[in-house]
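The values are calculated or read from the model by the stated rules, or taken from the named source; none is laboratory data. This is a predicted model, so every value here is computed, not measured. Neighbour counts run over all protein chains shown; Cβ positions are idealised from the backbone, glycine included.
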Amino acid sequence: MGELAVARCPSVYLAKVCSPWTLIAAALVLSALVGRAWAVDYYVSTTGSDTVAGTSLKTAWRTIPKANESVAPGDTVFIGGGLYSETISPARSGLAHQRITYKALPGEEVTLTGVDRGIVMRDRAYVTIDGIDIRGTQMYVLLDNSHDIWIRDGVFDESTLRQGGPKGILIINDSHHNRIQRCQIGRAGYVRIDAASKTGLEDMGGLINIGNDVETTDDSHYNLIEDNHLAYGGHHVLLLASSFNVVRNNTFHNEPWMPDPTEPGRLFGNRNIGGGGGNAGRNLIEGNRIAFAGRPPDDDGAYGIELASPQNIYRHNVFDRNGTAGVGLHSKWHGEASGNHVYGNTFYGNGADETIEGFHKGGISIQNYAGVAPRANVIKNNLFYRDHTPDDRFHQQGVFAVGGNVQLEEQTLAGNWKNAGDPLFVAEPSGDALPEESPDVRLPDLDQQDFHLTSGSPCIDAGVFLTQTIGDGQGREIRVVDAGYFTDGWGIIDGDRVQLEGMTNWAQVLEVDYDQDTLRLDRDVVWHDGQGVSLSYRGGGPDMGAYEFSDGAAE
């Protein structure tokens with residue numbers, strides 16, 4: 001009724017036609033339906049008072065809980081510099097076109113500390129947290145049945161919980177379309193004496209968990225983890241136990257950092273990305289630097305990625321000197337690692353822990369620990385160089401470790417550079433040793449290597465096309481042999497740019513039908529049967545490795 005009342009009083013006639021009482025009634029009804037028609041800026045300061053208006057720096061509130069109670073859709077809470085032993089947890093959600101925002105005042109450092117959780121969203125939506133740090137809390141962030149929560153430009157470090165399985169950031173119970181971007185997140189986890197044996201050790205906790213790898217009812221899908229620096233998790237840095245998530249352009253590392261409670265001075269690390277489960281698969285892991293997975297206390301090595309889930313895309317990542325293999329395609333009790341597409345990655349110096357058994361080494365390990373042996377994985381255009389691969393019965397072709405009734409012949413391998421000489425990187429690392437823990441979480445060593453190719457690299461234009469067209473045709477829908485290489489972005493990011501063999505222009509993918517192996521594009525193209533299809537490339541064809549050689553040309 002409120003919307004109809006407003007519609008009957010167009011703005012150009014408001015003053016002449018509509019009575020004041022009609023306008024007031026319409027505004028009140030509309031406000032109840034969609035929130036206030038105006039947005040308010042509130043302020044919080046360590047020198048403020050909760051008894052004042054909170055609408056200016058001079059009348060700032062003292063506490064974040066006062067802001068939590070007061071915000072409505074469209075409002076922004078500016079927080080002044082200082083330490084706050086308080087939690088961001090708004091009493092209501094924002095709206096798609098009227099987000100609630102909590103933001104540090106420009107140039108000021110805001111830190112939440114000394115509480116159980118720094119950010120809590122239960123049944124909330126459309127909230128942005130921008131530029132706010134969290135240190136010394138038991139958990140950094142809890143997103144529980146919440147969606148469209150955006151967390152940006154924060155430093156989250158030094159989780160204090162030392163019991164159970166601490167999580168730095170927990171995204172659960174159908175939480176979807178959330179974003180964590182440009183954050184520096186570290187140190188959630190610890191080592192304890194094994195509760196069952198009373199003698200052994202076990203690692204606990206993780207930096208970020210998305211979904212539940214035990215239950216199959218948690219649809220925490222369509223989340224974006226982008227442009228972050230993520231380091232030092234207990235059992236893992238990131239656990240992926242759901243689907244259609246995008247993890248791109250992050251830096252991961254998890255070298256030894258957790259103290260041994262029984263031996264002073266001894267430290268442990270673990271894997272960077274792990275997970276799986278009955279509700280996991282079809283995730284995109286792209287453009288990341290995944291490095292230095294260190295030895296855990298209860299196993300003989302850790303992987304860069306070890307996911308027990310199907311149909312993921314691993315592309316354009318650098319797997320750098322992880323303790324065991326860069327990628328573990330492992331079927332376990334909670335998931336099957338089949339139908340994954342691993343292409344266009346660089347594997348350098350993996351298996352760096354000299355004490356680890358051979359079947360854990362190499363660039364890629366394919367194992368069946370329980371369940372169905374991994375099959376139909378596609379491994380193309382990867383660059384393997386200086387990975388540690390002892391010549392034993394577990395290894396085939398120098399870079400793939402297989403075991404547990406896995407058949408390498410059931411995987412598709414093509415266009416890979418397998419330690420066939422110097423690929424000519426821009427700046428190769430100087431050694432294989434795992435680094436020491438950095439007190440700042442960020443490792444400057446990682447910024448000193450550059451795995452782009454230089455002119456004259458034998459890996460330029462040496463890759464294969466990912467798939468081929470089926471039949472001749474023209475238009476915007478192309479059938480291909482295998483559409484599993486590509487993504488339309490799933491509503492989170494832009495779709496892939498694809499390029500046909502022999503052509504110099506590219507088209508953007510608007511939709512992928514994985515069942516029918518069909519790509520719908522944003523423009524008309526012409527193709528013939530069996531024509532190669534790849535992501536956009538330069539030169540005569542795709543390159544091997546994580547980076548397409550550009551020779552200084554504009555992207």
* **Residue among Thr46, Thr55 that alone is within 17 Å of Leu112 (Cβ to Cβ), exposed (fewer than 15 other Cβ atoms within 10 Å of the Cβ), modelled with pLDDT of 95 or more and in contact with a Phe, Trp or Tyr (Cβ under 8 Å, 6 or more places away or on another chain)** => Thr46
* Asked: Yes or no: Gly165 assigned by TED's automatic domain parsing to the domain that holds Leu238, outside any loop (DSSP other than H, G, I, E, B) and of a type outside the set (S, T, N, Q)?
  -> no
* Structure fact -> Scanning segment 206-234 for residues that are part of a loop (DSSP other than H, G, I, E, B), under 14 Å from Gly165 (Cα atoms) and at pLDDT 95 or above gives Gly234
* Asked: In segment 107-124, which residues are out of contact with any Gly (no Cβ under 7 Å at 6 or more places or on another chain) and either among the hydrophobic types (A, V, I, L, M, F, W, C) or at pLDDT below 95 (or both)?
  -> Val115, Ile119, Val120, Met121
* Conditions (1) of a type in the set (A, V, I, L, M, F, W, C); (2) within 17 Å of the chain's Cα centre (by Cα); (3) buried (at least 22 other Cβ atoms within 10 Å of the Cβ); (4) closer than 26 Å to Thr217 by Cβ: number failed by Phe156 -> (4)
* Structure fact -> Residue count, segment 44-59, condition closer than 23 Å to Val120 by Cα and assigned to a loop (DSSP other than H, G, I, E, B), comes to 4
* Asked: Among Asn283, Asn250, which is the only one that is among the polar types (S, T, N, Q), within 25 Å of Val441 (Cα to Cα) and in contact (Cβ under 8 Å) with a residue 12 or more places away in the chain?
  -> Asn250
* Any chance Asp148 is touching a residue at least 24 places away in the same chain (Cβ under 8 Å), within 24 Å of the chain's Cα centre (by Cα), more than 15 Å from Asn178 (Cβ to Cβ) and not in a loop (DSSP other than H, G, I, E, B) -> no
* Structure fact -> Ile493 passes all but one of the listed conditions (1) within 30 Å of Tyr385 (Cα to Cα); (2) part of a loop (DSSP other than H, G, I, E, B); the exception is number (1)
* **Condition broken by Val526, with the remaining ones in (1) touching a Gly at 6+ places or on another chain (Cβ under 8 Å); (2) part of a loop (DSSP other than H, G, I, E, B) satisfied** => (2)
* Asked: If you take the residues in segment 337-367 that are touching a residue at least 40 places away in the same chain (Cβ under 8 Å) and of a type in the set (Asp, Glu), which one is surrounded by the fewest Cβ atoms within 10 Å (Cβ to Cβ)?
  -> Glu357
* Residue ID - surrounded by the most Cβ atoms within 10 Å (Cβ to Cβ), chosen from residues in segment 314-335 that are in a loop (DSSP other than H, G, I, E, B) and without any contact (Cβ under 8 Å) to a residue 60 or more places away in the chain -> Asn322
* Could you list, in sequence order, all residues of segment 193-233 that are crowded, with 24+ Cβ neighbours inside 10 Å and touching a Pro at 6+ places or on another chain (Cβ under 7 Å)? => Asp203, Gly205
